[in-house]
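The next block holds one structure in the form of structure tokens; read it before the comments.
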Amino acid sequence: MKPDEFVARFGREKASAILRCNDTQKAALAMESAIRGGFTIIEFTLTIPGVFELVRDFASRPGLVVGTGTVMDEEQARKSVEAGARFLVSPVVDETVITAAAQLGVACMPGTHTPTEMLRAHRAGAQLCKLFPAPAGGPVWAKSVLGPMPYLKIVPTNGVDEHNAADWIAAGVFAVGFVATLFDPGDLEAGRWDVIEERAGRCLTAAQTKN
């Protein structure tokens, strides 16, 4: 999957499931739940034990697009793509990672918090701008930024939930990512996979609902 193909699909799906967890087995079961709930674009952060095996497993399944998060250097980018990742996400703007993604033929989504960082990432070749952490203004803030720079593809993650996802999309962001609001730590600890599955369905519906 080429970067532009991923971007087009992400633009249609409007949402990704992003998992950060300290247990390999729970990570697999939790992401299975999100997939049953309807997600097809998924992200495992590199902080998960055995993450590359998870990426390799899920990337081999038809219909899924897998990415990695918290990618901080060229080696992590390379290992991610070798395992099957088709997009790379970082919490910061790092031109080294953006360049590595381009050389590896995958999309890149660096973390940005200000309009200046977003423009910097865009000019460096990043296809998408992860909004992290989300500013207090939320959707209103994003709409203000997109006024003068409508070409930016902003993807908020931090703080996006089933109750505000539609507001973010209505403000003009390209897509959204669900993290702890989808994978509630308490549900992960207790193994409430059915709860995560049901929440995933609601989150996806919210992101795909036009206000």
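The values are calculated or read from the model by the stated rules, or taken from the named source; none is laboratory data. The structure displayed is predicted, hence computed values, not measured ones. Cβ: placed from backbone, ideal geometry, glycine included. Neighbour counts: every protein chain shown. Surface accessibility is based on the protein's heavy atoms, side chains included, excluding ligands, DNA and RNA. Shrake-Rupley method; radii C 1.70, N 1.55, O 1.52, S 1.80 Å.
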In the neighbourhood of Glu43 defined by beta carbon distances under 11 Å, the net charge of the other residues (Lys, Arg +1; Asp, Glu -1) is +3
Result for the chain: accessible area per residue, probe 1.4 angstrom, in square angstrom, of 43
Expressed as a percent, the accessible surface of the chain that is carbon or sulfur, using a 1.4 Å probe and the full set of protein chains, is 52
Along the dipole axis of the stretch 82-197 (charges at Cβ: +1 for Lys and Arg, -1 for Asp and Glu; origin at the Cα centre), the most positive-end residue among Leu188, Pro135, Val93 is Val93
For the chain, the dipole about the Cα centre with charges only on Cβ (Lys and Arg +1, Asp and Glu -1), to the nearest 20 debye, works out at 640
Taking a ≥ b ≥ c as the square roots of the eigenvalues of the Cα gyration tensor, with a/c under 1.5 meaning rounded and otherwise prolate when a/b exceeds b/c and oblate if not, the stretch 98-138 is prolate
In terms of the alpha carbon gyration tensor, root eigenvalues a ≥ b ≥ c, rounded if a/c is under 1.5 and otherwise prolate when a/b exceeds b/c or oblate, the stretch 1-98 is oblate
With a Förster distance of 25 angstrom and the Cβ-Cβ distance between Gln25 and Arg192, calculated FRET efficiency to the nearest 0.05 equals 0.95
Highest mean packing first, using Cβ neighbours within 10 angstrom, the peptides 103-114, 139-150 sort as 103-114, 139-150
Taking 0.36 nm per residue of separation between Ala102 and Glu5 and subtracting their Cα-Cα distance, the length gained on full extension comes to 33.5 nm
Distance in Å, no decimals, from the C-alpha centre of the stretch 142-211 to the one of the stretch 84-119 is 20
In deg cm²/dmol, rounded to the nearest 500, the helical mean residue ellipticity at 222 nm of the chain, built from -39500 (n - 2.57) for every DSSP H run of length 4 or more, is -13500 deg cm²/dmol
Restricted to pairs 8 or more residues apart or on different chains, the lysines in the chain with C-alpha atoms under 13 Å apart form a number of pairs equal to 4
